[in-house]
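Below is one structure; the comments refer to it alone.
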Amino acid sequence: MTQQAAQPLSPARAIWLMTKMRLTRQRNMLANNLFRKFRKKKARDGIAGKKSSLWVLTLVMVLFMAFSFVSLSRNVVLNMGCHLVADSACHLVDKDGDRHDNLELTADELHQAPFQPELTHGLTMVVTLLFGIAVLLPLGSKELAQPDWDMEWLVTMPVERSTLLWGRLLERSAANFSGMFALLPPLGIIGWYSGLGWFAPLAALAALFVLLPLAALLHTLADTGLRMWLPASQLRNLQAVTGLFSMPLMYFVMALGMPGASGFVMDWARAFPAWGGWTPPGLVLQAMQASSLAHAAQAIALLLVQTAVLIWAGVALMRYQLRNGVVNAGARESVRRKQPAVAGAAARGGLRARLSASMSPIKRRELRLLSRDRNFLVQTLVLPVVIVASQMIFNGKLSSFEELGQHHTTTAAIAFGIGVYVLMLSAFQTLNNEGQVLWLLYTAPRSIESVLKEKAQLWGALTMVYPLVVIGIGAWYTTHFEWSMLVLLLTVFAGIPIYSLIAVSLGVFACDPQAVDARARVRPTYIYLYMLLASFYTWSIYSSVWSQKLVVMVLIASMALALWQKARDALPFLLDPAAAPPPRVSTSDGLIAATAFFIMQGLATLMIMQDATTPTLKAVTMAFAASGLLVYVLMRFVYWRSKTTGVPAILRGGDMVLTLGYGAMAAVVACAVGLAYMAGLQHSSLWPEIARQMSASTGTRGWLLLLAVLAAPLFEEFIFRGLIFGGLRRSMPAVPAMIMSAAVFAVVHPPVSTLPVFVLGLCTAWTYERSKTLLGPMLVHAVYNGVILSWQFWM
């Protein structure tokens, strides 16, 4: 050891090293998750190197979340300005006597004059609550209940204990990303409407330099004292309570930005005491709202003095907490006392034995782990109820159980929302909860895919209890029955197993077994993706059009199967950082190609139309052909570059005679069903509109035939049979794959033709399964469209 290295560290350098270590660790974890594809890794022979495009998805999610936070912060400020200021001009009454709020008028008022005292007090409450969230969220992390405490090895550094405590405050201030996301947008918006203009972001950053150290101080005081006083079992209980308490605070703040929020949230903001303006959050607002430079300097000086005194006192208190060392003299773990025998224990044991015998060992193990981890138990089974109840109560959508029987759509949304959160906190964590022993699942005498299937089934069944309870309460208070209630019921109960599969699949991608920190083993990007998918399905619950519900249900189900297939392919390589599954055609390729095809078709139609107000059949046909050809060429190019296996072929490797024979049989069945369906439509109320459209297309029948008989069979069969059905066939038997691919094919067509198009999808998928080439289904599709159009022209 050199003489320079043997010298003790200076306090400033020790604090800087601690902060740098924490930030470097955060940076390395982020780079490891997002930019893995840019690091050169040598792949083993025959195994593709692992690539990651997670950084693109993460960037999109970060931008979306940042936009959402800024928009919500703006709504909170304007909505509070509209409701708290008595003489605000935002309240308008239309000609029908209905009252409306124009928040843009509030924005003009805030720009022209300083905030009214009522608004300042309300915003002080908001910033104070967000400051509390910046303390509670880090405190409720898994770090609190971990048996190994980093302070126990930090004290081995050759520096004074007070220096370590100051370093702990600085590092936790710099790494409090939840506090930054909670405080920065609202402070920036408040600064903007306070007249700071483009200096508002700088003022918000300056406020963070004061508030985040105070949040770190409270976090460290609680963390240090609780670890010294409480055993680990009670720490886990406290961590669970902390997580429960932080969620209502978040939704309370969000409710302040909702126009239809309950009145009591504004009443609480209006009643916030004036002395709150002299706390650090209140002084930040005073500095931003200062009418002169002298007033701002006084507020800033008082804020800095308060911060310095509080931090100094906090460090002194922490030094007192650690006066006897960092290891508690008492036992960290409490010993479980033997429970006395009680009457009926044998009966309960018999019932427990029967329930245990009805479940597989995997499911019994999952329930045992759930019962032992109290924090996981509370977060899984209690926290979702708190989250959804907070949303409904604070947003004014639910004030009593009786309303569940009056607003059935809201009841269904609540039932599905609780189920989604339960799955996010349980099924999503299936691999992450294994921790460092994840490798044991790979040693079991069965496939890990089957293990995950059982876990998905278990959590889907447990989650179903919550929707049943909510809907049962709604049914109890329902005074009259409507058939739409049954549709809502089926929508919710169909969504739970679908999202159970999605949660387990995304949990595979979100899990990072190589992460040292347990908190970093779940990539948050996939959590946001899961919630976006859940919001898409929730929209279908509120939709009153049955066809829209069916489309969303089929598309989400197909996406669940696609994600499961991707997860199944990735499972054997999950513990290997340098290997990835070989490229093969998958269901997700078909869904991506179908999405790109329809988007390109819409854009191409707009380009071809130019100044026309409505698209002509010629423009639609040309756009359809150009988009289909482009998607076909791009997919072929991607498959060629990645050396993908299982790429569908039009004729290569097939028997022409068998292909024509299977195609003829399938075409007869599809045409028979289509003609029978068209004959039935003649006696329905839809036929006059269909006849009118056919009469209007008399001059463009050539383009219509070209679109239906040539372009559609070529490109749609490549996407729906070659990619979607071919990808599904790799993960399931032929019949379920036929049904699922036919359902996806049917829902992208007009609702009036869903049934015959579904049968056509079954026939073409059967032909592809038999002939192994795309020529057969293309011929079936062309013949079907030609026969149906000819019959319509003749009629």
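Cα centroid separation, segment 706-741 to segment 190-208: 55 Å.
Restricting the calculation to alpha carbons of segment 526-683 gives Rg and Dmax of 20.6, 63 angstrom. Listing LYS549, LYS363 from fewest to most neighbouring C-beta atoms within 10 Å gives LYS363, LYS549. Per-residue packing, averaged as other Cβ atoms within 10 Å, sorts the ranges 197-207, 304-314 into the order 197-207, 304-314, beginning with the highest. Listing PHE745, PHE573, PHE509 from fewest to most neighbouring C-beta atoms within 10 Å gives PHE573, PHE509, PHE745.
Note on segment 363-579: lysine pairs with Cα distance below 21 Å, sequence gap of 8 or more or different chains, count 4. Near CYS511, the amide H atoms lying under 5 Å from its own belong to ARG523; only residues 5 or more places off or on other chains count, and H is placed 1.01 Å from N. Each peptide in 710-719, 759-768, 168-177 gets a packing score, the mean of other Cβ atoms within 10 Å over its residues, and the list from highest to lowest is 759-768, 710-719, 168-177. Annotation: amide H-H contacts under 5 Å for ARG584 (H modelled 1.01 Å from N, sequence separation of 5 or more, or interchain): THR645.
Karplus-derived 3J(HN,Hα) values for segment 534-540, using 6.51 cos²θ - 1.76 cosθ + 1.60 with θ = phi - 60°, are 5, 5, 5, 6, 4, 4, 5 Hz; glycine and proline are entered as x. Of the residues LEU226, LEU425, the one with the fewest other Cβ atoms within 10 Å heads the list, and the complete ranking is LEU226, LEU425. Considering all different alpha carbon pairs of segment 363-579, the Kirkwood hydrodynamic radius works out to 18.2 Å.
Return a whole-number percent for the relative contact order of segment 363-579, with Cα pairs under 8 Å and 6 or more residues apart as the contact set. Intermediate values should be presented prior to the final figure.
Working: 226 pairs, mean separation 54.0, N = 217.
Reported as a whole number, the value is 25 percent.
Along segment 490-501 the Karplus relation, 6.51 cos²θ - 1.76 cosθ + 1.60 evaluated at θ = phi - 60°, assigns HN-Hα couplings of 5, 4, 5, 6, 7, x, 4, x, 5, 6, 5, 5 Hz to successive residues, with x for each Gly and Pro.
Across segment 404-416, rounded Karplus estimates of 3J(HN,Hα) from the backbone phi angles (6.51 cos²θ - 1.76 cosθ + 1.60, θ = phi - 60°) give 5, x, 9, 10, 6, 5, 4, 4, 5, 5, 5, 4, 5 Hz, Gly and Pro being marked x. Note on segment 705-795: Cα-only Rg and Dmax are 12.7, 44 Å.
Between GLN406 and any residue 5 or more places off or on another chain, the built amide H atoms are never under 5 Å apart.
Where a number appears in this text, it was derived from the coordinates with a stated rule and is not lab data. Treat the numbers as computed from the prediction; the structure is a model and nothing was measured. Positions of Cβ are generated from backbone atoms using ideal geometry, with glycine treated the same way; all protein chains shown enter the neighbour counts.
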